[in-house]
Amino acid sequence: MKDIHSTECNYLTSSILLMAEHLENVAAKLDKDSVKQMLEDIMGAKRIFVMGAGRSGLVGRAFAMRLMHLGLSSHVVGETTTPAVSKDDVVIAISGSGQTRSVSNLGRVAKEIGAKLVTITSNKESTLGELSDTVIVLPGRTKDDAGGYVERHMRGEYTYLTPLGTSFETSASVFLDALIAELIFITGASEEDLKSRHTNIE
């Protein structure tokens, strides 16, 4: 255990800078055709269901809230008030590995119902990636990518600055907020429109 007063917060600033560099890389490598298809899936759906496990689930909740602020019918899978999915809906899965068992199983159920399935992942060749109608690939280190630490460290890839799935979850959060910006442009919504739907019983 280090003395807190002795730190210069170098790891903190290095981690922020590393994530900023990573986000630039994500933006440069985005498949715009897949993004446009996701936008079409969302705008063409009767309702939007968002799901993810752990921290990816928290990212999904934030996205579902913004969709609601836009006036779209959005739900978080697993909540007690979430209605049944139908073939007119879109289900958006968030999973860095694309292999999270609970999320992949629910993705399979969504496909059996006939709903569109969109997956945000770092692994297109995963269970969810193979199941999905639309896949958004966000390059990043997932929590399952624990091997090869020494080799990456020797190459200067300091993954300890973004532990477990941090780079994917941060990328997914930023990507989905950016997608909201695109949806605001498409729908012509104003900031006042969003504010009018913000909860007033906090």
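The values are calculated or read from the model by the stated rules, or taken from the named source; none is laboratory data. Computed from a predicted model, the values in this text were never measured in an experiment. Positions of Cβ are generated from backbone atoms using ideal geometry, with glycine treated the same way; all protein chains shown enter the neighbour counts. All accessible areas refer to the heavy atoms of the entire protein, side chains included, with ligands and DNA or RNA removed. Shrake-Rupley method; radii C 1.70, N 1.55, O 1.52, S 1.80 Å.
A few notes on this one:
- Matching residues, the range 21-41, being more than 21 Å from G96 (Cβ to Cβ) and either among the hydrophobic types (A, V, I, L, M, F, W, C) or at pLDDT below 95 (or both): L39
Every residue, every condition in (1) in contact (Cβ under 8 Å) with a residue 60 or more places away in the chain; (2) in a helix (DSSP H, G or I), yes or no:
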{"position": "S56", "(1), (2)": "yes, yes"}
{"position": "R61", "(1), (2)": "no, yes"}
{"position": "G71", "(1), (2)": "yes, no"}
{"position": "H75", "(1), (2)": "no, no"}
{"position": "T80", "(1), (2)": "no, no"}
{"position": "V85", "(1), (2)": "no, no"}
{"position": "N123", "(1), (2)": "no, no"}
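- Residue, farthest from the chain's Cα centre (by Cα), within the range 1-31, restricted to residues that are outside any helix (DSSP H, G or I) and under 13 Å from I136 (Cβ atoms): D31
- Single unsatisfied condition, G129 versus (1) under 27 Å from E40 (Cβ atoms); (2) at pLDDT below 95: (2)
- Neighbours by Cβ (under 6 Å, 6+ apart or cross-chain): first from the range 3-31, in contact (Cβ under 8 Å) with a residue 24 or more places away in the chain; second of a type in the set (A, V, I, L, M, F, W, C): S14/L161; S15/L161; L18/L161; L23/V174; V26/L138
- For the criterion of being at pLDDT 95 or above and not hydrophobic (A, V, I, L, M, F, W, C), D145 fails.
- Set S34, S102: member being in a helix (DSSP H, G or I), open to solvent by less than 80 Å² (accessible area, probe 1.4 Å), closer than 29 Å to A189 by Cβ and of a type in the set (S, T, Y): S34
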